[in-house]
Each structure stands twice: as C-alpha cells, then as structure tokens.
1. Step by step: first the residues of the range 321-354, then only those that are small (Gly, Ala, Ser) and more than 26 Å from GLY273 (Cβ to Cβ), then the one that is nearest to the chain's Cα centre (by Cα). Which residue is that?
2. More than 16 Å from TYR92 (Cα to Cα) and assigned to a helix (DSSP H, G or I): does that describe LEU144?
3. Mind counting the residues in the range 311-342 that are under 21 Å from ASP296 (Cα atoms), open to solvent by 70 Å² or more (accessible area, probe 1.4 Å) and part of a helix (DSSP H, G or I)?
4. All but one of (1) within 21 Å of GLN191 (Cα to Cα); (2) out of contact with any Asp or Glu (no Cβ under 9 Å at 6 or more places or on another chain) hold for LEU281, so report the exception by its number.
5. Could you check the range 360-415 and list, in sequence order, the residues that are closer than 21 Å to VAL125 by Cβ and of a type in the set (Lys, Arg)?
6. So which residues in the range 268-288 are surrounded by fewer than 24 Cβ atoms within 10 Å (Cβ to Cβ) and not in a loop (DSSP other than H, G, I, E, B)?
7. How many residues does the range 171-222 hold that are open to solvent by less than 60 Å² (accessible area, probe 1.4 Å), among the charged types (D, E, K, R) and modelled with pLDDT of 95 or more?
8. In the range 362-397, which residue that is outside any helix (DSSP H, G or I) and either on the phi > 0 side of the Ramachandran plot or of a type in the set (D, E, K, R) (or both) is modelled with the highest pLDDT?
Amino acid sequence: MTNDDLPIGRRVARWRVRRSMTQQMLADRLRRSKSWVDKVERGVRALDRYSVIQELAHVLRVDPEVLLGEQRPTPAGPPDGVDDIRAALARYDTPHAQEQTMEEVRRQVGYAWLSYQHAHYGQLVRVLPGLLDTAQAARTPELLVQASRITSSLLVKLGEADLGWLAADRAMSAAGDDPILAATAAISVAQALRASNRDRLALTAALTAANRITPAPAHSRDHEVDGPFEDRIGRQPHDHRGGGRGEPQRLAGEWAVGGTLLLQAALAAAGCGESRRADELIDRAAGIAAGLRGYDDMHHTSFGPIAAKLARVVVTAQRGDAGEALQRHSTLVRREAWRRLPAEYRGAYLVDVARAYLQVGDVRGAARALVDADSVAPAEVRCRPLARTVIADVARCHPAPAGVARLANLVGLTR
C-alpha cells in the first residue's frame with residue numbers, strides 16, 4: 001500500500017511518529033483527549049472537517065494536502081496537459097503540423113473559443129497544444145493571436161499566471177502592427193498581469209491600449225464620454241471608410257475591445273487601491289457599452305452594459321464596500337442579459353461574489369454563490385485554485401453549509 005492509499009488516520013499516525021510525538025503530546029497540542037487521537041489514527045473517528053484537518057496539519061507541520069493524500073476526485077493543480085501547452089509555447093520554429101485549409105483552422109479556433117466559454121477546461125487543455133502548432137503553421141496573425149489569447153485565458157484560470165503571460169506576449173508579438181489585434185492581445189496581457197499581482201503594470205498596459213482605439217477626450221477626465229456613440233464612431237482613428245454593410249459591425253467590435261480594456265484597467269486600478277479612478281474607468285466603459293446594440297462579438301470579449309455593471313460590483317467589493325456590491329449583484333442576476341453571458345463569465349463572477357459574501361460574514365450567501373457557480377460552470381469551481389481557496393474558507397465554518405461540504409469533498413478538501 002502506497003502512502004497515497006493510506007487512510008487519513010494512518011497518515012496522521014505516521015507524521016506524529018516522524019515528529020517524535022506521543023499520542024498524548026499530540027492531544028495536548030490539539031487540546032483534545034488522547035482517546036480522540038487514538039480513534040482518529042485507528043479510523044474509528046472520521047476526519048470529515050477541513051478545519052480539523054488544517055489544525056492537525058499545523059501541529060504536525062505539514063500541508064493539509066499531505067494528510068489528505070495526492071489522489072483526489074478533482075486534482076488540486078491544473079488538468080493534465082499543461083506541460084504540453086508549455087512545450088508548444090516554447091517552440092518558436094514553424095512546427096511540422098498537418099497542412100490544413102484556413103477555413104479548417106478557423107473552425108478549430110472557433111471550437112476552442114466555445115470550449116472556453118462553456119468552461120470545458122479539461123477538454124481545452126488537450127486540444128490547445130495542437131491548435132497552437134496549427135495556428136503558427138498557418139502563418140496568419142489573426143488566428144495565432146486568437147489561439148494564444150485562448151491559451152493565456154485558460155492558463156490564468158488554472159493558476160499558471162506566468163505561463164499565461166507568456167501566451168499573451170506571444171499574442172502581442174503575432175499582432176504586429178495591426179492595432180485591433182494588438183488591442184485584443186492587450187486584454188490577455190492585462191489579465192495575466194493582474195493574476196500575477198502586478199496591478200500597476202496591468203493598469204498601464206490596459207489603459208494605454210484602450211486609449212489607442214477609444215481615445216479619451218483631451219478636455220475631460222477618463223470617465224467622460226463625448227457625445228453619442230454614433231458620433232464617436234465618426235471620429236474613430238481606425239475608421240476605414242467604404243467598408244460596406246459590415247463596417248458598422250466591425251467598428252462596434254473595435255469599440256467593444258476598447259471597452260473591455262477599460263474594464264480590465266478599472267479592475268487593475270482597484271487592485272492598486274485607486275477606487276475613484278476605477279469608478280471613472282467603468283463609467284467610461286459603460287458609456288461605450290450604452291451605444292452597442294446587437295453587434296457580433298467577433299473578438300470574444302462578452303462586452304456590453306451588463307459587463308460594465310458586473311465589473312462595478314467586483315470593484316465595489318474590492319474597495320471594502322461588500323454590502324453595496326451585493327445589493328447591486330442581487331438586481332443584476334435577475335436580468336436577461338445576465339443569463340446570456342457565457343457560462344465561464346458567470347461562473348467566474350459568482351466566485352468573486354462568494355468572496356464578497358464572506359466579507360460581510362454571510363456564510364450561507366457565499367455557499368449559495370459557490371453552488372450556483374458550480375451548476376453554471378463546474379470547472380470554474382473544481383479546477384481553479386482561487387475557487388478552491390474560497391471553498392476552503394466557507395468549509396471552515398461551523399457547521400459548513402451542506403452544498404459547500406459537498407463541493408469540498410468533490411475537490412478533495414475533505415475525506
């Protein structure tokens with residue numbers, strides 16, 4: 001029997017002996033009886049509370065995961081295959097990928113976007129190495145930018161922020177002199193920098209890119225929007241006239257990219273403690289969103305009025321006003337626009353909302369948000385290290401809400 005196959009009580013006993021402690025010594029440090037320790041080690045008493053496992057781990061000077069063992073229903077780290085993505089990103093030569101038509105590559109990229117938006121992360125990890133090779137072999141900047149953006153977004157989700165930054169940088173390099181491709185790549189750069197706790201750099205990157213394609217009026221502050229959306233399009237710096245019937249869609253897509261960058265800048269500003277600036281940036285993004293109606297989301301930003309409102313909830317909670325944030329949240333999730341957002345977007349947002357509930361001490365509210373996130377996008381809860389941390393925080397409460405106790409068991413936080 002390997003160490004991973006051992007019951008948790010046997011692991012406790014082994015680590016107690018390694019620390020040269022008797023059962024009585026361990027009991028004294030835990031402020032429990034020797035009989036309790038003996039029953040735990042013999043498996044007579046179940047260790048089904050993560051908080052108790054943490055307490056034992058602290059006394060035995062090991063990580064809780066060591067006592068839990070490495071075999072868990074959902075792995076603590078990224079799904080298998082991240083190393084293959086790393087290898088694909090490390091290849092700078094043109095790979096010998098199977099020759100495919102441009103339309104076939106576009107279909108593969110579209111499939112990858114759908115997998116990401118539906119939070120099918122395990123499936124996406126498996127297809128991305130081949131997609132990166134295929135996109136690089138196709139020698140089409142647009143497809144390589146898109147493949148790299150998907151890769152970066154997924155890696156950030158899985159707690160691989162530095163590797164995500166590498167993928168975002170690959171997207172930026174592939175964009176070349178194309179201002180819109182560079183702007184879409186900058187979204188991924190900002191996300192990866194924020195995930196690496198480099199909010200100041202993320203703010204600079206996102207705001208610089210946003211101002212290139214949706215420049216702020218020289219006579220006003222960041223948040224002011226000068227006139228109707230249709231008038232602003234007329235002054236768009238990348239407004240190539242004579243584009244035919246698809247021109248309004250293209251321009252709207254460009255403004256959606258700019259609005260998304262402003263929201264990324266706002267989240268980064270909040271991370272820097274610049275709450276007022278974050279609000280102003282969201283106001284500016286909301287002004288853009290108000291003029292966008294029924295456009296094709298060609299750049300996969302999910303931008304619109306609801307995105308600006310959700311960002312305001314997150315920023316409000318981040319500055320410590322969780323009560324106000326939750327009031328806003330309760331009205332937003334009843335709207336049809338909320339239900340139209342991709343599953344990935346809603347799941348990630350609900351994990352943030354669970355953290356807001358914890359700020360105000362509402363454990364049941366946090367549990368509901370996590371359970372809702374799991375029903376919308378299970379991988380958001382079961383694969384992301386950030387979500388596991390929130391589950392652990394809720395599971396420590398006495399008693400842990402039933403829904404979160406189930407989630408804790410699913411992701412391996414209890415046995």
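1. GLY347
2. For LEU144, the condition - more than 16 Å from TYR92 (Cα to Cα) and assigned to a helix (DSSP H, G or I) - is not met.
3. Within the range 311-342, residues that are under 21 Å from ASP296 (Cα atoms), open to solvent by 70 Å² or more (accessible area, probe 1.4 Å) and part of a helix (DSSP H, G or I) number 3.
4. LEU281 satisfies all of (1) within 21 Å of GLN191 (Cα to Cα); (2) out of contact with any Asp or Glu (no Cβ under 9 Å at 6 or more places or on another chain) except (2).
5. Once the filter is applied, which keeps residues that are closer than 21 Å to VAL125 by Cβ and of a type in the set (Lys, Arg), the range 360-415 yields ARG382, ARG384, ARG388.
6. Here is the first cut: in the range 268-288, the ones surrounded by fewer than 24 Cβ atoms within 10 Å (Cβ to Cβ) are 271-277, 279-280, 283, 286-287.
Matches in the range 268-288: GLY271, SER275, ARG276, ARG277, ASP279, GLU280, ASP283, ALA286, GLY287.
7. Qualifying residue count for the region: 1.
8. Filtering first and then ranking leaves ASP362.
The values are calculated or read from the model by the stated rules, or taken from the named source; none is laboratory data. These numbers were taken from a predicted model, which means no experiment stands behind them. Counting neighbours? That spans all protein chains shown, and the Cβs are built from the backbone with ideal geometry, glycine included. Just the protein is used for accessible areas: all its heavy atoms, side chains included, with ligands, DNA and RNA removed. Shrake-Rupley method; radii C 1.70, N 1.55, O 1.52, S 1.80 Å.
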